[in-house]
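Structure first, commentary second.
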Amino acid sequence: MVSAPEWLRRVPVAMPARDAIPISDSLALRGPLRRTTVVRIVVGALLLLLTAFAVWRAAALNPKPLPFLERRTTTIVVLDQSKSVYVGAYRRIASLLKALVAANAPVGVVVFSDTAYEMMPPGTHATALAPLVRFYTKARPGETNLDPLTSYPSSPWQDVFSGGTKISAGIDLARAAVHRDHVRRATIVLVSDLETAGEDEPNLAQSLLLGTHDRTIDMKVLPLFPILDDLQFFRKFLPASAFIKPSQLHTGTANATQFRLLVASPWPLVVVGALLLLALAVNEISCARVLVVRPREAAS
């Protein structure tokens, strides 16, 4: 008879403290008992590793929904509502809103002209932006309540904001909302023609400096057909990578589709879950208790 290895002999035997079956040849079962104990330890460790890996993969499922956004970021849209925004820019605004809605990333919205107003707080689901898209989409035939100057649907705030523009007010309110709600990582996306009042330029310069030096905030700009002088003003404070190209808005829809497919079919997590179930099955089969069938009573 082949004896068990030395390391296997040192493994403590997992024997029940009670409800045991007294047998005369228990010494012959020491080898199988040690092997069973080793199998239990190995399978138990494998179960713990697979469980930890599955939890890690589930927490790491945060793909990049849009090419100009960082991972795990809350997007604060700072939207220019001043009269200087050209109607031709509406399509670009609608493209941004649609891309964010498709990605369904956490957002916030600040609208401004000469004053700023927080329309949606940080952390709002991007699907809440869907009702805003219609105000930047050309009206269908027969649609009523249109703006006679633009032929677009009239927005509820078009008479609230004046023709003046103070971009600094929108940026400052967005930063204040980020810190108020303790957002760990935020991206402020300024959507504007970049034209601001002359007296606002010193405040705007300070707002841009504070935004670029804020570790919790990443500044982005979606220009709405600005004039060269206004664009050059922003280029003094922001790098070229901070300016969103119109082509990135169109590719964002495809990336958002990939985002949804990845979330709907997280293959790494599925594989780990299958291995976890397999390990559980091996544990149940290999480490199950031995069932002793009671002998039938002799027929009377």
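Is it the case, given these coordinates, that Thr36 is hydroxyl-bearing (Ser, Thr, Tyr), at pLDDT 65 or above, buried (at least 16 other Cβ atoms within 10 Å of the Cβ) and in contact with a strand residue (DSSP E or B) (Cβ under 9 Å, 6 or more places away or on another chain)? It is false that Thr36 is hydroxyl-bearing (Ser, Thr, Tyr), at pLDDT 65 or above, buried (at least 16 other Cβ atoms within 10 Å of the Cβ) and in contact with a strand residue (DSSP E or B) (Cβ under 9 Å, 6 or more places away or on another chain).
Identify all residues within region 103-155 that are part of a strand (DSSP E or B), closer than 21 Å to Glu195 by Cβ and of a type in the set (Val, Ile, Thr); write none if there are none. Passing the criteria: Val109, Val110, Val111.
Inside region 174-202, residues that are open to solvent by less than 50 Å² (accessible area, probe 1.4 Å), over 15 Å from His213 (Cβ atoms), part of a helix (DSSP H, G or I) and not small (Gly, Ala, Ser) make up a count of 1. Contact map, region 126-143: first residue within 21 Å of Val85 (Cα to Cα), second residue open to solvent by 80 Å² or more (accessible area, probe 1.4 Å) and outside any loop (DSSP other than H, G, I, E, B), Cβ cut-off under 7 Å, separation 6 or more or different chains; pairs are Val133/Lys98. Does Ala205 satisfy the criteria of being at pLDDT 95 or above and either among the acidic types (Asp, Glu) or out of contact with any Ser or Thr (no Cβ under 8 Å at 6 or more places or on another chain) (or both)? Considered against the rule, which asks whether it is at pLDDT 95 or above and either among the acidic types (Asp, Glu) or out of contact with any Ser or Thr (no Cβ under 8 Å at 6 or more places or on another chain) (or both), Ala205 comes out as yes. Scanning region 83-119 for residues being of a type outside the set (Lys, Arg) and open to solvent by 10 Å² or more (accessible area, probe 1.4 Å) gives a total of 18.
Residues in region 168-226 that are free of Cβ contacts under 8 Å to residues at least 12 places away in the same chain and farther than 23 Å from Thr74 by Cβ: Gly198, Glu199, Pro202.
The values are calculated or read from the model by the stated rules, or taken from the named source; none is laboratory data. Note that the structure is a prediction, hence the values are computed from the model and not measured. Note that each Cβ is placed from the backbone with ideal geometry, even for glycine, and that neighbours are counted across all protein chains shown. The accessibility values were calculated without ligands, DNA or RNA, using every heavy atom of the protein model including side chains. Shrake-Rupley method; radii C 1.70, N 1.55, O 1.52, S 1.80 Å.
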